[in-house]
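Each remark here refers to the structure printed beneath this line.
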């Protein structure tokens with residue numbers, strides 16, 4: 001589904017992503033883990049076309065990012081870190097705007113927005129201005145933004161960061177529910193969450209991949225230690 | 001094309017949600033109304049010439065205030081990332097925002113039509129220059145909007161965007177008037193061609209010269225194209 005090949009990104013002299021390669025299969029939920037500043041967000045930004053790589057290539061469903069970015073953008077729903085959404089619009093107006101851009105037909109639009117409202121628990125706040133919302137609700141608007149138009153791939157950058165425990169559980173439920181039909185790549189700092197939701201785990205540190213395996217595989221290779229210990233061992237010295 | 005309309009609608013709506021739109025429109029009408037009518041009755045002429053001669057300098061600081069948020073605010077709050085990663089081309093984003101600014105300028109200008117009607121009641125108003133003047137005002141507003149949009153794409157700080165936009169618009173307005181005395185004659189024609197004020201006053205006289213129209217269209221095009229290069233460079 002997504003093939004990342006020798007991806008490298010420099011910001012000036014700083015190497016944020018260093019020769020990273022991995023594939024994501026169709027229907028997989030992949031957790032991209034790593035300490036802050038490891039390069040996760042940079043990888044997401046390149047996949048979604050916000051940044052250009054310095055070297056390397058990404059193919060999404062056989063479209064490469066250099067020639068067919070528009071087709072790729074059509075397939076991907078993206079939630080950036082902290083869901084930075086227009087503050088002045090009503091929730092409904094914002095979702096309506098995204099629905100128009102995603103090319104959803106007029107007669108299906110209302111139903112689609114309603115069903116996303118149900119899924120993300122937004123129906124109570126549809127007619128509130130986004131800047132009035134709490135962080136958790138804003139995050140849900142961001143998830144609804146990413147899900148708009150039923151994209152086949154979801155890229156979620158720390159979807160549970162800054163939420164309260166109830167909201168974290170709810171968001172995790174949403175990811176699990178939609179993950180049955182979609183390919184998801186996402187990151188989190190809560191390792192138990194990755195354990196609970198993901199099929200495969202890629203850990204990066206300082207722009208390099210230090211582990212790429214299923215959770216079982218990781219456990220096996222590191223003698224049944226706890227996931228926290230594995231994570232610390234692999235990303236130590238940061 | 002459909003996406004240009006979507007962006008346009010969103011931006012246009014956002015203008016009137018925030019109080020900025022109403023403040024900018026009020027300031028514009030107060031300043032231009034006061035400057036125009038303070039000498040209107042002294043001249044004893046039923047003409048809007050004075051109004052149109054004031055327009056470029058007023059636009060030069062009002063329009064950058066209209067356009068300053070278009071990119072700066074998005075870059076600042078981060079919604080720029082959402083916008084870029086939606087299936088939209090840069091061209092659609094830029095044109096949508098540009099047309100929203102031009103539509104806003106047209107709305108801002110529309111109450112001044114009352115000046116024309118009230119003037120026509122007290123004297124014999126020549127409508128040719130008035131129509132030319134409004135046509136020119138839209139062209140002028142469009143090119144300054146494009147310049148303001150370019151300034152907005154440089155920075156995430158709206159104040160900086162405003163000052164850069166205003167500096168460019170002022171230079172384009174005052175270019176010929178200020179430097180006229182200091183430069184050799186050979187350059188005057190060249191500088192005159194660069195001056196937005198010069199071309200606008202030509203149209204406002206009621207003379208439709210293709211050169212003036214081309215000037216404004218090419219100024220808009222150059223500024224929008226430069227905007228495209230700037231946001232392309234951000235990747």
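The values are calculated or read from the model by the stated rules, or taken from the named source; none is laboratory data. As the structure is a computational prediction, the values presented were derived from the model and not from experiment. As a convention, Cβ positions derive from the backbone with ideal geometry for all residues, glycine included, and neighbour counts pool all protein chains shown.
Counting the residues of region A:67-97 that are at the interface with chain B (Cβ under 7 Å from one of its Cβ atoms), under 21 Å from residue A:183 (Cβ atoms) and either in contact with a strand residue (DSSP E or B) (Cβ under 8 Å, 6 or more places away or on another chain) or in contact (Cβ under 8 Å) with a residue 24 or more places away in the chain (or both) gives 4.
Tell me which residues, restricted to region B:85-103, are more than 12 Å from residue B:149 (Cα to Cα) and either touching a residue at least 60 places away in the same chain (Cβ under 8 Å) or surrounded by fewer than 21 Cβ atoms within 10 Å (Cβ to Cβ) (or both). Passing the criteria: B:87, B:88, B:89, B:90, B:91, B:92, B:103. Restricting A:20, A:60 to those that are away from chain B (no Cβ under 14 Å) and within 23 Å of residue A:213 (Cα to Cα) reduces the list to A:20. Any residue in region B:57-74 that is assigned to a helix (DSSP H, G or I) and without any contact (Cβ under 8 Å) to a residue 12 or more places away in the chain? Within region B:57-74, one or more residues are assigned to a helix (DSSP H, G or I) and without any contact (Cβ under 8 Å) to a residue 12 or more places away in the chain. For residue A:61, the criteria (1) surrounded by fewer than 16 Cβ atoms within 10 Å (Cβ to Cβ); (2) at positive phi hold in every case but one, which is (1). Annotation: residue B:19 fulfils all but one of (1) surrounded by fewer than 17 Cβ atoms within 10 Å (Cβ to Cβ); (2) within 11 Å of another protein chain (Cβ to nearest Cβ); (3) touching a helix residue (DSSP H, G or I) at 6+ places or on another chain (Cβ under 9 Å); the unmet one is (3).
Identify all residues within region A:41-66 that are in contact with a strand residue (DSSP E or B) (Cβ under 6 Å, 6 or more places away or on another chain) and part of a loop (DSSP other than H, G, I, E, B); write none if there are none. Scanning region A:41-66 gives A:48, A:53, A:54, A:65.
Among residues of region B:203-231 that are touching a residue at least 24 places away in the same chain (Cβ under 8 Å), none has a beta-carbon under 8 Å from a residue that is crowded, with 16+ Cβ neighbours inside 10 Å and in a loop (DSSP other than H, G, I, E, B) at least six positions away or on a different chain. Picking from residues in region B:54-94 that are away from chain A (no Cβ under 14 Å) and over 15 Å from residue B:28 (Cα atoms), the one that is modelled with the lowest pLDDT is B:68.
Filtering region A:98-108 to residues that are within 12 Å of chain B (Cβ to nearest Cβ) and not in a loop (DSSP other than H, G, I, E, B) leaves A:98, A:99, A:100, A:101, A:106. Which members of region A:20-35 meet the condition of being touching a strand residue (DSSP E or B) at 6+ places or on another chain (Cβ under 7 Å) and surrounded by fewer than 19 Cβ atoms within 10 Å (Cβ to Cβ)? Selection gives A:21, A:22, A:23, A:26, A:27, A:28, A:35.
Just wondering, is there one or more residues in region A:8-19 that are within 17 Å of residue A:156 (Cβ to Cβ), in contact with a strand residue (DSSP E or B) (Cβ under 8 Å, 6 or more places away or on another chain), crowded, with 20+ Cβ neighbours inside 10 Å and in contact (Cβ under 8 Å) with a residue 24 or more places away in the chain?
For region A:8-19, residues within 17 Å of residue A:156 (Cβ to Cβ), in contact with a strand residue (DSSP E or B) (Cβ under 8 Å, 6 or more places away or on another chain), crowded, with 20+ Cβ neighbours inside 10 Å and in contact (Cβ under 8 Å) with a residue 24 or more places away in the chain: absent.
Counting only residues that are out of contact with any helix residue (DSSP H, G or I) (no Cβ under 6 Å at 6 or more places or on another chain) and in a helix (DSSP H, G or I), region B:1-16 holds 6 of them.
Based on what the data block shows, is residue A:117 away from chain B (no Cβ under 14 Å) and either surrounded by fewer than 21 Cβ atoms within 10 Å (Cβ to Cβ) or under 26 Å from residue B:8 (Cβ atoms) (or both)? When the stated conditions are applied, residue A:117 passes them.
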